[in-house]
Amino acid sequence: MVTMRDVAAEAGVSAMTVSNALTGRRPVSDATRRLVLETVERLGYQVNVAARSLRQGRTGVVGIAVPTLDSHYYSRLSHRLVLAFSRAGLATVVEETRASREGELAAFRDSRLNAYDGLVIAALGLNEPEIDALSREVPVVVLGEQELHRTVDHVSMPNVAGAEAATRLLLERGCRDLALVGFPTVDHLEEVSLPEGAAFALRARGFANVVGGAGVRARAAYAGVTQADGARCARDLLARGEVPDGIFCVTDTLAFGVVRALADHGVRVPDDVLVVGFDDVEDAQFHIPSLTSVAPDLDGLVDRTVDLLARRIATPAAEPQDVTVGYRLVERESTTRPR
């Protein structure tokens, strides 16, 4: 087992310096702190959480790690998780992983070194074996769309079913020339990997499932995840010469950009084209036109996440659970054609 003295010897510093770098009790230089943390990561040093718990009891703190807080969805999710954990008597530390493997590894490392009681992580960069191994170091609930085969507690959204419902709505409203915004293709989805993880691919699969046998035209556009990226996708579709009459966007954020770019080119929603988003963020009901969107059961997602992490903290050997929450399709002005 790697000790603090091992870390100190490897890094060429004193054990007290290692302790100060990890705990912040006394200041050390940024260069020394980076050296210590890199050595800790390389050697796999773990704080003796059991010993600390005997001295201090549980910390009463859990970590929340999300790809970004500069997002309609993740900012709202983080806010609700903070409130829910507070009601459960737990403080929270929220950090961004920037959708990177390194950021997600850092979230686990910080949870371990600071002896958080548990971690909620929306993981995009780590694979199943890595998550399985890291979950043995800290109680964890994983949010997202990975296929984890019940190795850890996992809560996901109804991506395929929600996208299918959104696409069927467009067909029911008479759309026969559809576009998918947020994924680069409608065919051979399994061959495409995006930095946003599996959610976009699953929503694209739901779209493809419905249009595949419907005898309609379908195309796709992808530029990124922001409103500006949605606008770029809309301009790309318009540049191809034929305006689609129905657009499914894999997030509301992309849909907002799509609607803006269409308006800039004289294409009206819903008069000329119907638009559906996904996530049902708060802004969806206040945009002009208000946005039809797939609304995952976010309250259920938050409640199950908090319950599962509390259970995992109390009973580390409990059987892992894999939960997919429900959804509803909220119809608004963007799919309501004028009489």
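Overview of results
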{"read-out": "Where labels lie 7 Å past Cα in the beta-carbon direction, separation of residue 58 and residue 193 in nm", "value": "3.7 nm"}
{"read-out": "Gaussian network model of the chain, springs between alpha carbon atoms under 10 Å - residue of 84, 31, 107 with greatest fluctuation", "value": "31"}
{"read-out": "Residue-wise HN-Hα coupling along the stretch 299-310, computed from phi with Karplus coefficients 6.51, -1.76, 1.60 (Hz; x: Gly, Pro)", "value": "4, x, 4, 5, 4, 5, 4, 5, 4, 5, 5, 4"}
{"read-out": "Cut-off under 5 Å, modelled amide H: who pairs with residue 324 long-range", "value": "156"}
{"read-out": "In degrees, nearest ten, helix 198-211 long axis to first principal axis of the chain (Cα)", "value": "20 degrees"}
{"read-out": "Top of 139, 27, 244 by mean-square fluctuation, Gaussian network on the chain, Cα under 10 Å", "value": "27"}
{"read-out": "Percentage relative contact order, the chain, counting C-alpha pairs under 8 Å, at least six apart", "value": "15 percent"}
{"read-out": "Amide H contacts of residue 222 (H built 1.01 Å from N, under 5 Å, at least 5 apart or other chain)", "value": "182"}
{"read-out": "0 to 90° range, to nearest 10: angle between helix 30-43 axis and the chain longest Cα axis", "value": "90 degrees"}
{"read-out": "Residue-count net charge about residue 323 - beta-carbon cut-off 9 Å; Lys, Arg +1, Asp, Glu -1", "value": "-1"}
{"read-out": "Candidates 298, 329, 238, ranked by Gaussian network fluctuation over the chain, Cα under 10 Å, top entry", "value": "238"}
{"read-out": "Approximate spin-label separation residue 283-residue 317, in nm, with each point projected 7 Å along Cα-to-Cβ", "value": "4.9 nm"}
{"read-out": "Helix 159-172 vs. the chain, principal-axis angle (Cα, 0 to 90°, nearest 10)", "value": "10 degrees"}
{"read-out": "Cβ-based exposure ranking for 196, 319, in which fewest neighbours within 10 Å come first", "value": "319, 196"}
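Every number in this text was worked out from the coordinates using simple rules, so none of it is lab data. Here the structure is a predicted model, which is why all the values come from computation and not from measurement. Note: ideal-geometry Cβ built from the backbone for every residue, glycine included; neighbour counts use all protein chains shown.
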